[in-house]
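The values are calculated or read from the model by the stated rules, or taken from the named source; none is laboratory data. Keep in mind it's a predicted model, so treat the numbers as computed, not measured. Ideal geometry is used to build each Cβ from the backbone, glycine not excepted, and the neighbour counts take in all protein chains shown.
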Amino acid sequence: MNTLIYAYGNPGRMDDGLGSELVNALEKWVLENHKENIEFDCNYQLNIEDAYEISTKDLVIFVDASKEDIQDFVLTKVDENSKMSFTSHEASPGYIYYLSKKLFDRSPETFLLHIKGYKWDFKQGLSNGAKHNLHKTIAYMKIILTEPEKILKLKHNIIQN
Amino acid sequence: MSQKIIIDPVTRVEGHGKVTIYLDNDNNVSQSRLHIVEFRGFERFIQGRPYWEAPVLVQRLCGICPVSHHLAAAKAIDVITGAGKGDGLTPTAEKMRRLMHYGQIFQSHVLHFFHLASPDLLFGLDAAIDIRNIIGVAKENKHLAVMGIMMRKFGQEIIKVTAGKKIHGTGAIPGGINKHLSVEERDSFLKGDNSIDQMIDWSLEALAFLKNYHKNNKDFIDNFASFPSSHLSIVRKDGAMDLYHGVIRAVDYKGNRILDDVDYHDYLDYIAEGVKNWSYMKFPYLKHLGPDKGWYRVGPLARLNTCDFIPTPLAQKEFEEFRSYTGGKPNNMTMHYHWARLIETLHAAEVMKELLNDDDLLSGELVIKGEKQSEGVGVIEAPRGTLIHHYRIDKNDRIEMANLIVSTTNNNNPMNLAVNEAAKQMMQGQREITEPMMNAVEVAIRAYDPCLSCATHALGQMPLEIVLKDKNDTIIQVKRT
């Protein structure tokens, strides 16, 4: 099962870098444990060309820091969303998924992993609360990536830790 | 009663701003303003940081054009490290940086044309809002939409292999570059279905699409929001288009040189920035002409007006056609920004092909150092126009002064004029402001491909609004699209 873990956010804005920190940690773990067919990517924000990238995969998990009122982390199923933002600075996972379906006729299983963040100042480094959430998310994702197929059998669209 | 219209946010631009249109008692447009309402903070933020961090730090200015800021800052820091004034790098370092830069030009122009501008051309100003996007483009012309995405992807991949990574790329370092191109990386761009040759073919196809549209919509493309202006960019010393390095040249609307190939390190002798109490974005102008007559346009249209030729064969052929359209005189037609942008897209693809076939990228010295200086200026032609970075350091190697004049700021006065011209053409004498009229104002702004976050050095997301006001400053209508 070709899997892509794609984090977006700006590591120069403290906890907005949660996604890239997660990718760094998981990429290292995947290499050390010789896991195959798992790719990683990071960017400041999602872009239209990501539609092609995800169209070549079976499973895609987008990762973003969250300001929402959640605990630790939440995994949600991504549904298509044809609404684009007023600027290309902002494209949602649902929009990228929709582009993949419309332009490349491919609909990979797509999820969004939100990790709770707390501080967004203009500097690098995670807050203590974000570090705590990151460690819990890493542990959870290691289980997921051990058998990625299992994620497709999840009964609910939202998995709250 | 006189009125005022507000458009907020202006859509399909990079960032967020607000437009106010004043109507007089007869519903005629009396004045228009593009306000940028976000606080400008980056130049202060960077003070106190070690100078060698600048090329990486400044990428946080914008997620759309981080490479342009990365390279402009790197050029300024090259001067501080004693690596010459833009002409002292090793061949490998300069060519790797050029490849990174032309990859950025390519992907940015493609994003603008296919994602932001093409819906207006395919569907017209009065099309429904929900089809004026790339999904609408895909439904009308799937090949065009896919082509746009694959071209954009190519440019992004070039950036990745030259800058090292997509986020906070570290490719350009003081005095050079930190890596070579591997043979595998090079071959991935030279071979396969999405090779550089395919990018050149698609660039030509995009140009053919635009020229055909122009042929069928001549009045709109030639006259919409147009006005005479001066034009400014850097050019190579022999007058060729060069988007990475050169001297500053400006011409007036008739083609007379008003800035004659000056050294950009002396930009403060020639360029000043005015301020208005209704915008955080400054208003640059040529000092010797003053703020009223010294303003100018930058970006693709300006660059095709200032250069004498384009040093790649296919783009040169297109340039000749572009120039002949105005009898060799400067082209002052706002919507021709799109034409110029696609000629530059083709040029960028040709330059990338030349560089990818150059073995200097695969080996050779990466970094050069010399005697440290206390001040450095770096200028580059970013996708949206001339970008100036200027730093001065203290005795502890920390930045004590930073001055950034970004492309969109250079286009501030022209964008205000374009909004006014569009408003006059679409709203004059109208009693009711319709959605197509609103979109027309946005189309005028969009031609400049402004990045408003960059222009104000914003530290966060900057959302843009049109407001209709009467002559007494009373709001009549507010539109947020």
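Would you be able to say whether some residue in the stretch B:83-99 is among the acidic types (Asp, Glu), farther than 25 Å from B:TYR448 by Cα and modelled with pLDDT of 80 or more?
Scanning the stretch B:83-99, I find at least one residue that is among the acidic types (Asp, Glu), farther than 25 Å from B:TYR448 by Cα and modelled with pLDDT of 80 or more, so the answer is yes.
Just wondering, is there one or more residues in the stretch A:61-78 that are part of a strand (DSSP E or B), of a type in the set (Val, Ile, Thr), touching a Lys or Arg at 6+ places or on another chain (Cβ under 9 Å) and more than 14 Å from every other protein chain (Cβ to nearest Cβ)? Steps first, answer last, please.
Residues of the stretch A:61-78 that are part of a strand (DSSP E or B), as a first pass: A:61-66, A:73-77.
Pick out the ones that are also of a type in the set (Val, Ile, Thr) and you get A:61, A:63, A:74, A:76.
From what's left, touching a Lys or Arg at 6+ places or on another chain (Cβ under 9 Å): A:74.
Still in the list and also more than 14 Å from every other protein chain (Cβ to nearest Cβ): A:74.
Looking through the stretch A:61-78, at least one residue is part of a strand (DSSP E or B), of a type in the set (Val, Ile, Thr), touching a Lys or Arg at 6+ places or on another chain (Cβ under 9 Å) and more than 14 Å from every other protein chain (Cβ to nearest Cβ).
Return the total of residues in the stretch A:102-135 being outside any helix (DSSP H, G or I), on the phi < 0 side of the Ramachandran plot and within 12 Å of chain B (Cβ to nearest Cβ). Walk me through how you get there before you give the answer.
Initial filter on the stretch A:102-135 (outside any helix (DSSP H, G or I)): A:105-127.
Now narrow it down to the ones that are on the phi < 0 side of the Ramachandran plot: A:106-124, A:126-127.
Those left that are additionally within 12 Å of chain B (Cβ to nearest Cβ): A:120-124.
Matching residues across the stretch A:102-135 total 5.
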**Asked** Which members of the stretch B:260-317 meet the condition of being at pLDDT 95 or above and among the polar types (S, T, N, Q)?
**Response** B:ASN305, B:THR306, B:THR312, B:GLN316
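Yes/no per residue for (1) within 14 Å of chain B (Cβ to nearest Cβ); (2) in contact with a Pro (Cβ under 8 Å, 6 or more places away or on another chain); (3) closer than 19 Å to A:TYR140 by Cβ:
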{"residue": "A:ASN10", "(1), (2), (3)": "yes, no, no"}
{"residue": "A:MET14", "(1), (2), (3)": "yes, no, no"}
{"residue": "A:LEU31", "(1), (2), (3)": "no, no, no"}
{"residue": "A:GLU36", "(1), (2), (3)": "no, no, no"}
{"residue": "A:GLN45", "(1), (2), (3)": "yes, no, no"}
{"residue": "A:ASP50", "(1), (2), (3)": "yes, no, no"}
{"residue": "A:GLU53", "(1), (2), (3)": "yes, no, no"}
{"residue": "A:LEU59", "(1), (2), (3)": "no, yes, yes"}
**Asked** Looking at (1) within 14 Å of another protein chain (Cβ to nearest Cβ); (2) assigned to a helix (DSSP H, G or I); (3) farther than 30 Å from B:ILE368 by Cβ, which is the one condition that is false for B:GLY155?
**Response** (3)
**Message:** Quick test of your reading of the structure: B:LYS75 fulfils all but one of (1) at pLDDT 85 or above; (2) of a type outside the set (A, V, I, L, M); (3) in contact with a Leu (Cβ under 9 Å, 6 or more places away or on another chain). Name the failing condition by number.
**Reply:** (3)
**Asked** Can B:SER118 be described as over 20 Å from B:GLN59 (Cα atoms), within 14 Å of another protein chain (Cβ to nearest Cβ), buried (at least 19 other Cβ atoms within 10 Å of the Cβ) and of a type in the set (Gly, Ala, Ser)?
**Response** yes
**Request:** Return only the number of the condition from (1) surrounded by fewer than 21 Cβ atoms within 10 Å (Cβ to Cβ); (2) in contact with a Lys or Arg (Cβ under 6 Å, 6 or more places away or on another chain) that B:GLY164 does not satisfy.
**Result:** (2)
**Item:** Some residue of the stretch B:209-228 being surrounded by fewer than 18 Cβ atoms within 10 Å (Cβ to Cβ), within 16 Å of B:ILE405 (Cα to Cα) and of a type in the set (A, V, I, L, M, F, W, C)
**Value:** no
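I'd like the full set of residues that are part of a helix (DSSP H, G or I) and of a type in the set (Ser, Thr, Tyr), limited to the stretch B:310-361. Give the derivation first.
Step one: of the stretch B:310-361, the residues part of a helix (DSSP H, G or I) are B:313-325, B:336-356, B:359-361.
Those that are part of a helix (DSSP H, G or I) and of a type in the set (Ser, Thr, Tyr): B:SER324, B:TYR325, B:TYR337, B:THR345.
Okay, residues lined up against (1) over 30 Å from A:LEU99 (Cβ atoms); (2) part of a helix (DSSP H, G or I); (3) without any contact (Cβ under 8 Å) to a residue 40 or more places away in the chain:
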position	(1), (2), (3)
B:GLN47	yes, no, no
B:VAL79	yes, yes, no
B:MET96	yes, yes, no
B:HIS109	no, yes, no
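Each row is one residue, and each column tells you yes or no for (1) within 30 Å of B:PRO119 (Cα to Cα); (2) touching a residue at least 60 places away in the same chain (Cβ under 8 Å); (3) in a loop (DSSP other than H, G, I, E, B).
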| residue | (1), (2), (3) |
| --- | --- |
| B:SER203 | yes, yes, no |
| B:LYS211 | yes, yes, no |
| B:ALA225 | yes, yes, yes |
| B:HIS231 | yes, yes, no |
| B:ILE234 | no, yes, no |
| B:TYR244 | no, yes, yes |
| B:ALA250 | no, no, no |
| B:ILE258 | no, no, no |
| B:ASP269 | no, no, no |
**Message:** Restricting to the stretch B:121-151, give me the number of residues that are in contact (Cβ under 8 Å) with a residue 24 or more places away in the chain, within 27 Å of B:HIS347 (Cβ to Cβ), within 10 Å of another protein chain (Cβ to nearest Cβ) and touching a helix residue (DSSP H, G or I) at 6+ places or on another chain (Cβ under 6 Å).
**Reply:** 4
